[in-house]
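Data first, discussion second: the structure below is written as structure tokens.
We did not get these values from a lab; they are worked out from the coordinates using the rules stated. Here the structure is a predicted model, which means the values were calculated and not measured. All Cβ positions, glycine included, derive from the backbone under ideal geometry; neighbour counts span all protein chains shown.
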Amino acid sequence: MLYALCLLLFVVGLYGVVTKKNVIKIVISLVIMGYAVNLFLIMLGYREKGVAPIIDQTTEAAKFAQTSVDPLPQALVLTAIVIGLGVTALMVAICIRLYERYGTFDITEMRKLKG
Amino acid sequence: MNIIPLFVAIPLGMAFFIPMVGRKARKLPDLLGNLTTLVLLIMSLSVIGKSGIYWMGGWSPRSGIPIGINLVLDGLSGFILVTVSLVSFMATLFSVQYMEQYTSKLHYYSLFLLMVAGMNGVVLSGDMFNIFVFLEIASIASYALVGFGCRHEELEASFKYLVLGSIASILILFGVALCYAMTGTLNMAHLGQLIRGDMNPPILLALTFFLAGFSLKAALVPFHAWLPDAHPSAPAPISAMLSGVLIKAIGIYALIRVIFNVFGLTPLLSSILTTLGTLSMIVSVLLAIGQWDLKRLLAYHSISQIGYVILGIGLGTPLGILGGLFHLINHAAFKSLLFLNAGAIEYTTGTRELERMGGLNKKMPVTGSTSIIASMSIAGIPPFNGFWSKLIIIMACVNAGRFGLAGWAVFVSIMTLASFMKVQKYAFFDELKKARERVKEVPALMCFSMILLAILCVTMGLLWHSWVVDLFLGPARDVLVAGTNYAATVLGN
Amino acid sequence: MIELLGLLLIFMIIGAIIAVETRDLLASVICVGAVGFGASIAFLLLRAPDVAIIQIVVEVLVLVILIRATISRDLTAISGDREFFGMVVAIVLLFVVFLFGMRVFEHLPPFGQPAIETLAQSPARVYIESGLRDTGAANLVTSVLLDYRAYDTLGEATVLFTAILGALAILRKKARKRKEDREEE
């Protein structure tokens, strides 16, 4: 059920990328798609009644190994979030430059390219 | 000292280093950039035929479970490394004078080396998520380089490329997540071991995502929409890099590595690949013929030639794989040469429209003659390299009993020939236009890199059987033919 | 806990739909901020405090960048969408994708039972069991990030560097030395 909601979020983002013609809207939709995938990854690592993957002195090792959530997806998502930030920054830089050139954010009005 | 991580470390380190020291002297960025690619070329030539595995940070597998990230050098990755280094060295050589037209060469070289580092990282990595990370480095650098000129159409092409490229990256990440959900591992070899024979729906969905994502990066029809805009818009050496190696290293290589060595080639996958390849070949060659913008025409031909590569490899027979891989390195040589020719023409005449050129052969003998060699190579005229690889692919189709595919391959080859006869006629042989009376040959280094690539085309055509096949293609083919045995080779059990 | 997460996800989806559909760009940017902060809370509920923190930081940066791009523009309200036919095709296709994805997702391990529980050969199990001994870091995410998979983190830093360098290259004032004569054609 939760996975399905995550997929729905992904599809909403995809819908935005496919149908919108404002460049900022497209950037936003891509950001949303990124969130959906990140959330999906973190959900994969969740364990029912789990604890955060931080060892404290009081819990014993065996019990911790039974209850900790999966740390690997969290590390992956940390990387993926930062990569997403980089892509977004570059995209917005291009958007700003496009706005300077064309005076609009609308891709249908940017038609220097044929086809 | 293990040499494998240096393939990533050297370009990465230099990419950080050049912006720091580059302002000290005017020629320093050129020197450092060329030196780096030359060193990489020598290194990649020195590892031919070798293989090795390097566990990053010394985290070697513990009781058979890979806990760290590994770099895998085998026949296939060595082969792609050589291709990448070869074209990137020629491109930096060409850049020295060509990029004088643009400002901020520092950024240019830094981004260029980051792109090379990203590609080398993808090619050497043995870990799915790590492939995603390095693919992003190469892609982001290429997005920025496509828009480097900051003209209208360049920015627009860059944006289009960025959006489609980001969708591809997100799909690939989704695929990695699905694989992780089902197997709990990210290492490609381990993944291959765990899913062997067990293609449950999530794994199939992951495979679909990988197929779509990497096809987007490789610009196979119907995922090709960005390429005819992005490749012509970039500065010429970057066009040569993008068409010559980027779509191969982060598209084709990753695709065939995942399909052959992780999931294993099934008949269904084989027919999907051959269909994608044939579609790419036919559709884009037909689109190419009508083009009058020289670089755009070349870009469409890139898709079509990539179609040959995928067709050959997708057949799955040793001969087909050999032909596909041979065509891959041939295409890297002649297509980057053609893009450099187009760049040389643009450099002197300032135009890319075929109708506004004409008779340039008299004024630019080096560009003209190298371009004839490249055109004959791509069109498949014996004894140039393109002829042999196309011949092998067609023979492989016939051997596999796929006569229809062989027929299409011949048809596309003829169309390619027609298209390049048009290029030669309009650009180099027609009457010299009045406005072009004062056109001169391009500077020496640009000529030099074009001549080197032309020599490469000729020698690979003449020595292909004794030299190219034994040294490069044989080991690379063996890796793909071995299929999912890759896991055993890497993990050693 | 699951209900709460479900509500949060529904909130995020509504926010995403508004962000995609609204006519005002600034409102759209703010909605995407809401979605991002929702994601951050979801990470917290899923026992991923490090990710939640990074998500907030990155979200703020993304918002700043996006608002910088939109706020000083005269034209933030936007005109209509693509033509009707294309919209219908897109929606039908995406619906098919969604239904197909749902069918596939039924085969995933159920929520709350991650791969480390069911699969013995997962490297994550090694991290949990011997991460402290191997790396000396009490926070296992850090031990994965900075030790077992430090190479990924190097790549991550490089991506950021590349993106900044690329943005600088794109935003530089003058791109060509020669007069841009072809621009006027």
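In a fully extended conformation the segment linking B:Thr317 and B:Ile48 would gain 94.5 nm over its present Cα-Cα distance, using 0.36 nm per residue. At an R0 of 45 angstrom, the distance between the Cβ atoms of B:Leu31 and B:Met199 translates into a FRET efficiency of 0.30. For chain A, averaging the sequence separation of C-alpha pairs within contact (under 8 Å, six or more residues apart) and dividing by the residue count gives a relative contact order of 28 percent.
Between 0 and 90 degrees, the angle of helix B:365-379 with respect to the longest Cα principal axis of chain B falls at about 40 degrees. Note: relative contact order over chain B, using C-alpha pairs below 8 Å and six or more positions apart, is 17 percent. Partner shielding of B:93-105 amounts to 2, given as the average count of beta-carbon atoms from other chains within 10 Å of each residue beta-carbon. Taking other C-beta atoms within 10 Å as the exposure proxy, B:Glu136, C:Glu106, C:Glu156 rank C:Glu106, C:Glu156, B:Glu136 from fewest upward. Label-to-label distance for B:Thr208 and B:Ile381 is 4.6 nm, based on points extended 7 Å past Cα in the beta-carbon direction. Fewest-first ordering of B:Lys434, B:Lys362 by other beta carbons within 10 Å of each residue's beta carbon gives B:Lys434, B:Lys362. Take the Cβ atoms of B:Met20 and C:Val60, set R0 to 30 Å, and the FRET efficiency comes out at 0.55.
For segment B:6-491, the direction-averaged projected area of the alpha-carbon convex hull comes to 20.8 nm². Each Lys and Arg adds +1 at its Cβ and each Asp and Glu adds -1 at its Cβ; summed about the Cα centre, chain C shows a dipole of about 680 debye. Between B:Glu100 and B:Arg438, the modelled labels are 1.7 nm apart [label points 7 Å from Cα along Cα→Cβ].
With the simple spin-label model, which puts each label point 7 Å out from Cα in the Cβ direction, the C:Phe11 to C:Glu106 separation comes to 3.1 nm.
Separation of segment B:331-403 and segment A:1-65, taken as the distance between their Cα centroids, equals 47 angstrom.
Peptide packing: for B:304-311, A:17-24, the average count of neighbouring Cβ atoms within 10 Å per residue gives the ranking B:304-311, A:17-24, highest mean first.
Legend: mean number of C-beta atoms from other chains within 10 angstrom of residue C-beta atoms, peptide C:15-26, equals 5. The residue among B:Cys397, B:Ile195, B:Ala482 whose Cα reaches farthest toward the positive pole of the charge dipole of segment B:6-491, with charges on the beta-carbon of Lys, Arg, Asp and Glu, is B:Cys397.
What are the membrane-span-like helices in chain C by this rule: whole DSSP H runs, Cα extent along the axis at least 24 Å, mean Kyte-Doolittle hydropathy at least 0.0? Result, helices passing both filters: C:2-21, C:25-45, C:49-71, C:84-105, C:150-171.
For B:Glu355 and B:Phe429, the difference between the fully extended length at 0.36 nm per residue and the C-alpha to C-alpha distance is 25.4 nm. Projecting the Cα positions of C:Cys31, C:Phe111, C:Ala167 onto the charge dipole of chain C (unit charges on Cβ atoms of Lys, Arg, Asp and Glu, taken about the Cα centre) puts C:Ala167 furthest along the positive direction.
Evaluating kT/(6 pi eta Rh) at 4 °C and 1.567 mPa s, with the Kirkwood radius of the protein assembly as shown over Cα pairs in the Stokes-Einstein relation, gives 49 µm² s⁻¹. Net charge dipole, segment B:6-491: roughly 720 debye, given to the nearest 20, about the Cα centre with Cβ charges of +1 for Lys and Arg and -1 for Asp and Glu. Counting beta carbons within 10 Å around each of C:Thr118, C:Thr142 and listing the fewest first gives the order C:Thr118, C:Thr142.
Note on the protein assembly as shown: dipole from Cβ charges, positive end direction compared against B:Cys447, B:Ile321, C:Val89; the farthest Cα belongs to B:Cys447. Under the criterion of Cα pairs below 8 Å and six or more residues apart, the relative contact order for segment B:350-410 equals 15 percent. A Förster radius of 51 Å combined with the Cβ-Cβ distance from B:Arg62 to B:Trp467 puts the calculated FRET efficiency at roughly 0.75. Inter-chain Cβ neighbour count for B:5-17, averaged per residue, equals 1 (cutoff 10 Å, partner chain atoms only).
For the protein assembly as shown, a simple Cβ point-charge model (Lys and Arg +1, Asp and Glu -1, everything else neutral) yields a dipole of about 2120 debye relative to the Cα centre.
Please list the three semi-axes, largest first and in whole Å, of the ellipsoid equivalent to segment A:1-51, using sqrt of 5 times the eigenvalues of its alpha carbon gyration tensor.
For segment A:1-51, the semi-axes come out at 27, 10, 5 Å.
Distant-in-sequence amide contacts of A:Val51, defined by a placed amide H-H separation under 5 Å and a gap of 5 or more residues or a different chain, comprise A:Ser68, A:Val69. Once the Cα-Cα distance is subtracted from the 0.36 nm per residue extended length, the C:Ile67 to C:Arg176 segment shows a gain of 36.3 nm.
The helix-only estimate of mean residue ellipticity at 222 nm for the protein assembly as shown, built from DSSP H runs of length n ≥ 4 each weighted as -39500 (n - 2.57), is -23000 deg cm²/dmol after division by the residue total. Only alpha carbons enter this Debye calculation for segment C:1-148, each as an equal point scatterer, and the log10 of I(q)/I(0) it gives at q = 0.09, 0.10, 0.14 Å⁻¹ is -0.47, -0.58, -0.98.
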